[in-house]
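Every number here is computed from the coordinates shown, using simple stated rules; none is lab data. This is a predicted model, so every value here is computed, not measured. Because the Cβ atoms are built from the backbone with ideal geometry, glycine has one as well, and the counts that use them run over all protein chains shown.
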Amino acid sequence: MTSDLQTTLKINEIYASLQGESTFAGQTCVFIRLTGCPLRCSWCDTTYAFQEGTELSLENILCTVRDYGIPLIEITGGEPLAQKNVYFLMQALLQQHYQVLLETSGALSLSQVPSEIIKIMDIKCPQSQEAHRNHLDNLHLLIPHQDQIKFVIQDETDYAYAQEQIKRYQLDERFTLLLSPVHELLPPQHLAEWMIRDHAPGKLQIQLHKYLWPHEIRRR
Ligand code: SF4
């Protein structure tokens, strides 16, 4: 795939922060947030990315990213795979030797995502109201011992669903599993207690940035 630097993507924001939602949590990272998402998770915390954004050329995006001088980049959204030109962005970042994370809803196929991209893929739980959108064929496209699967958990029903999916697809044998409580809806201590009670596979994943900057709705 050759990328034309004048190719455009609709970008909601580009900013530097600490990665907060994977095993990379705590590392400095540049976030490229793409506009648009076909899902409507009940607890979505980035609704501002559904519509807002500016068409930026690949050249412009790469210049902005380069100015931060940080080697770890996360492509996020919205749902970044909803824009077909995202694959040009992935290739361009890889060519420039960045380590690239992709945060994705799990509802769209990963078939065109380069293998070098580290996927952090959601499996949506029932309380999101979007579990029917899970594209579970993606489980065959994730790279074992590289890619990560995240369950965002609102209550014990979601937790039970996550454990059932983990067991059914033997996910703990192949992937890092992240269990993330919905911020301000499920106290992390509750999820921690269920995990300890059940000797549950996976890691409790608190959204680090929301504890560091509790009053900022965006750009963190
Ligand atoms: S997939 Fe992500 S951006 Fe889209 S509605 Fe769900 S939480 Fe929001």
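Show me 55-66, 120-131 ranked by packing, highest mean number of other Cβ atoms within 10 Å first. Provide the component values of the computation, followed by the final result.
Numbers: 55-66: 16.2, 120-131: 20.9.
Those peptides, ordered most packed to least, come out 120-131, 55-66.
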**OP:** Could I have the simple spin-label model distance between C63 and E173, label points 7 Å from Cα toward Cβ, reported in nm to one decimal?
**Re:** 5.1
**OP:** For the chain, with a Gaussian network of springs between Cα atoms less than 10 Å apart, report the residue from K203, K167, K150 with the top mean-square fluctuation.
**Re:** K167
Subject >> Under 5 Å, built H, 5+ apart or other chain: amide partners of I11 >> reply: T35, T54, E55, L56
Original post:
How do V182, V113 rank when sorted from fewest to most other Cβ atoms within 10 Å of their own Cβ?
Top reply: V182, V113
**OP:** Could you point to the residue in V182, H140, V152 farthest towards the positive end of the range 139-191's charge dipole, with +1 and -1 charges on the Cβ of Lys/Arg and Asp/Glu respectively?
**Re:** H140
**OP:** Mind checking the full-extension length gain between D198 and Q27? Use 0.36 nm per residue of separation minus the Cα-Cα distance, one decimal, nm.
**Re:** 58.6 nm
Original post:
How much net charge surrounds N134 when only the other residues with a Cβ under 11 Å from the Cβ of N134 are counted, with Lys and Arg +1 and Asp and Glu -1?
Top reply: -1
Subject >> J(HN,Hα) series, the range 118-129, from Karplus relation 6.51 cos²θ - 1.76 cosθ + 1.60, nearest Hz, glycine and proline x >> reply: 8, 8, 10, 9, 6, 10, 6, 9, x, 5, 6, 6
**OP:** Mind putting a number on the dipole of the range 69-220 about its Cα centre? Charges go on the C-beta only, +1 for Lys and Arg and -1 for Asp and Glu, and I need it in Debye to the nearest 20.
**Re:** 320
Original post:
Stretched out fully, how many nm does the piece from I206 to L136 gain, at 0.36 nm a residue minus the Cα gap?
Top reply: 22.8 nm
Subject >> Pairs beyond 22 Å (Cα-Cα), from K150/K210; K10/K84; K10/K150; K124/K203; K119/K150 >> reply: K10/K150
Original post:
Could you work out the helix-only [θ] at 222 nm for the chain, with each DSSP H run of four or more residues adding -39,500 (n - 2.57) and the total divided by the number of residues, to the nearest 500 deg cm²/dmol?
Top reply: -6500 deg cm²/dmol
Original post:
Which ³J(HN,Hα) values in Hz, rounded to whole numbers, follow from the phi angles of the range 136-142 under the Karplus curve 6.51 cos²θ - 1.76 cosθ + 1.60, where θ = phi - 60° and Gly and Pro get x?
Top reply: 6, 4, 4, 4, 7, 9, 6
Original post:
In nanometres, what is the gap between the two model label sites at K84 and E184, each 7 Å from Cα along Cα-to-Cβ?
Top reply: 3.8
Original post:
Taking each full run of DSSP H in the chain as one helix, which ones are at least 30 Å long along their axis (Cα atoms) and have mean Kyte-Doolittle hydropathy of at least -1.0?
Top reply: none
Original post:
Between L102 and residues 5 or more places away or on another chain, which pairs have amide H atoms under 5 Å apart, with H built 1.01 Å from N, and which residues are they?
Top reply: I75, I118, K119, I120
Subject >> Sequence-distant residues sharing a close amide H with A107 (under 5 Å, placed H) >> reply: H135
